[in-house]
Amino acid sequence: MSALAKNYNRRKIAFSRGKGSFLYSSKGQKYLDFVQGIAVNSLGHANSYLTKAINKQSKKVWHVSNAFIIPEGEKLAQRLRQKTFADYVIFQNSGAEATELAIKAARRYFYKIGKPQKNRILCIKNSFHGRTLATIFASGSKKMTEGFEPKVPGFDHFNFGDHKALKKSITKKTAAIMVETAMGESGIKVIPDWCLRELRKLCNKKKILLILDEVQCGIGRSGKFFAFEYAKIKPDIVPIAKGIGGGFPIGAVLMNKKVAKGMTPGSHGSTFGGNPLAMSVGNAVLDQIFKKGFLTNVQKSSKYFMDELNDIKNEYPNIIKEVRGIGLLIGLQLHEDQNKFIKKLEDNKLLTMRAGENVVRILPPLNVKKNEIDIAIKIIRKVCNEMDSI
Ligand SMILES: *Cc1c(COP(=O)(O)O)cnc(C)c1O
C-alpha cells in the first residue's frame with residue numbers, strides 16, 4: 001500500500017518514460033499526453049535540447065546560495081526584462097510561491113511609499129493562485145480553504161464578470177487587483193481583451209497595482225509570450241511558473257521599476273529559488289520559445305485544434321456545450337460531469353485533465369505536431385459518439 005498521503009485521487013497509471021507528446025506506461029502502453037504535467041512540459045517530454053542543457057550544467061555546479069552572483073539567473077532575468085514589461089525579476093520554485101511573492105511585493109510597495117494601510121488584494125471568487133495558506137484564501141474557494149482556518153486576512157472577492165461588484169469592492173485599503181489572465185483550474189475562462197484594458201484603466205484611476213497571474217497561461221501557452229499581450233496592456237506584477245522550467249520546478253515574479261523599489265535587501269529570499277541548475281533549464285526553454293516563428297506556430301496549432309473541436313461540438317451539441325480557451329490552453333465544456341468522458345479518453349490513450357465547470361482541459365506541448373492533434377481529434381470524436389449512444 002502506498003505510503004503517500006491521500007491528498008490526491010491518483011489515476012492508476014505510472015509512466016516509465018516520455019518522448020515529445022507521448023508517454024509510455026510501465027505496462028508498455030503508449031499515451032498521447034495532452035496534460036503535459038498541467039501546462040508544465042511546454043516543449044514535451046525528454047526534449048533533447050533541454051536534456052543537453054541540464055546535463056551540461058549538472059556537471060558544472062547545481063546550487064549556490066543567492067548570497068552570491070548566479071550568472072545563469074542574471075542571464076534569464078535579463079532576457080525576461082528585454083522581452084516583457086518587466087524591469088526586475090525574483091526567482092522562486094513554484095507557482096504558489098510566485099503568487100504569494102506577488103502579494104508581498106504589492107503590499108511592500110505601498111508600505112514603502114508610506115501607505116501601509118493599503119494592503120488588501122482584490123481577487124476573483126473561486127480563482128486559483130496556489131495552495132499556500134495565503135494563496136488559498138486569495139482564491140476565495142470554499143473547497144480549498146475548508147479546515148484550514150483561521151482565515152488569512154487581506155483578501156476581497158468579486159464574481160467573474162461582475163464589473164459592478166468589482167468597482168464597488170475597491171476601497172481605500174485596496175492595494176492591488178490580482179486575476180489570472182486566463183483562468184485555468186476554474187474552467188478555462190479567458191478574460192477578454194477589452195476587459196483587461198478596462199482593468200488597467202481602473203487600476204490607474206484608483207492608483208492601485210494590477211497583478212496578472214500567468215502561472216498557467218504564460219510562457220507561450222496563449223500563443224503570445226504572455227496572454228495579456230493580446231490586450232496590449234502592461235501589468236505591474238506578473239507571477240509565472242509552470243511552463244518556464246519545461247518540467248524543472250521554477251517560479252518567478254516579474255515586476256516594474258516602481259514595485260521593485262520595495263524589494264530591498266533582506267525583504268525576501270529563497271534558498272533554492274534561481275539556482276544554477278534551474279536557471280540553465282529556464283534559459284534553454286526560452287531559447288526555444290523565443291525562436292522566430294515558435295509563437296506563431298502555437299497560434300496556428302491552436303486555430304486548427306479549436307476549429308476541429310468546434311466541428312465536433314456541432315456534431316454532438318448534446319455532449320459538448322462550448323469549446324473555449326486561448327492558444328493551447330483549451331477547454332471542452334460538457335453539459336454533464338466530465339469525469340466519465342476523461343476516463344473514456346484515457347481508455348483510448350489520450351490523457352486530458354479536468355477543470356471547473358465540467359471542463360475537459362486539453363494542454364498539448366507547445367511544439368505539438370498537426371498529426372498528433374489529428375490523433376486527439378479522432379479519439380475525442382469517437383468518445384463523443386460513444387457517449388451519444390448511451
Ligand atoms: C498552478 C497554478 C498556481 C500554483 O502553482 P504551483 O506550482 O502548483 O504552486 C498558481 N496560479 C495559477 C494560475 C496556476 O495555474
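What follows draws every value from the coordinates through simple rules; no lab data is involved. Keep in mind it's a predicted model, so treat the numbers as computed, not measured. Positions of Cβ are backbone-derived with ideal geometry, glycine not excepted, and every protein chain shown enters the neighbour counts.
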* Asked: To the nearest 20 debye, what is the magnitude of the charge dipole of the chain about its Cα centre, counting +1 on the Cβ of each Lys and Arg and -1 on the Cβ of each Asp and Glu?
  -> 1100 debye
* To do: Name the residue farthest towards the positive end of the dipole of the chain from the options PHE91, ALA106, ALA3, assuming +1 on Cβ of Lys and Arg, -1 on Cβ of Asp and Glu, about the Cα centre.
  => ALA106
* **the chain: relative contact order as a whole-number percent, Cα under 8 Å and 6+ apart** => 23 percent
* To do: Between the alpha-carbon centers of segment 122-161 and segment 180-201, tell me the distance in whole angstrom.
  => 17 Å
* To do: Out of all DSSP beta bridges with both ends in segment 49-289, state the antiparallel percent to the nearest 5.
  => 40 percent
* Structure fact -> Given 116-129, 5-18, the highest-first ranking by average Cβ count within 10 Å works out to 116-129, 5-18
* Asked: Taking all pairs of different Cα atoms in segment 226-355, averaging 1/r and flipping that mean, what Kirkwood radius in angstroms comes out?
  -> 18.3 Å
* Give me the aspartates and glutamates in straight-line cross-link reach of LYS167: C-alpha distance below 17 Å, same-chain residues under 8 apart excluded. => ASP156, GLU198
* Could you give the distance between the Cα centres of segment 17-79 and segment 252-318, to the whole Å? -> 14 Å
* List LYS313, LYS340 from most exposed to least, where exposure is judged by having the fewest other Cβ atoms within 10 Å. => LYS340, LYS313
* Asked: Cross-link list LYS224/LYS303; LYS258/LYS291; LYS189/LYS224: which exceed 20 angstrom alpha carbon to alpha carbon?
  -> LYS258/LYS291
* To do: Just rank MET306, MET178, fewest to most, by other beta-carbon atoms within 10 angstrom.
  => MET306, MET178
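Taking neighbour counts of Cβ atoms within 10 Å as a proxy for exposure, in what order, fewest first, do THR145, THR99 appear?
THR145, THR99
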* Asked: For segment 49-289, how big is Rg over Rh, using alpha carbon atoms and the Kirkwood form of Rh?
  -> 0.96
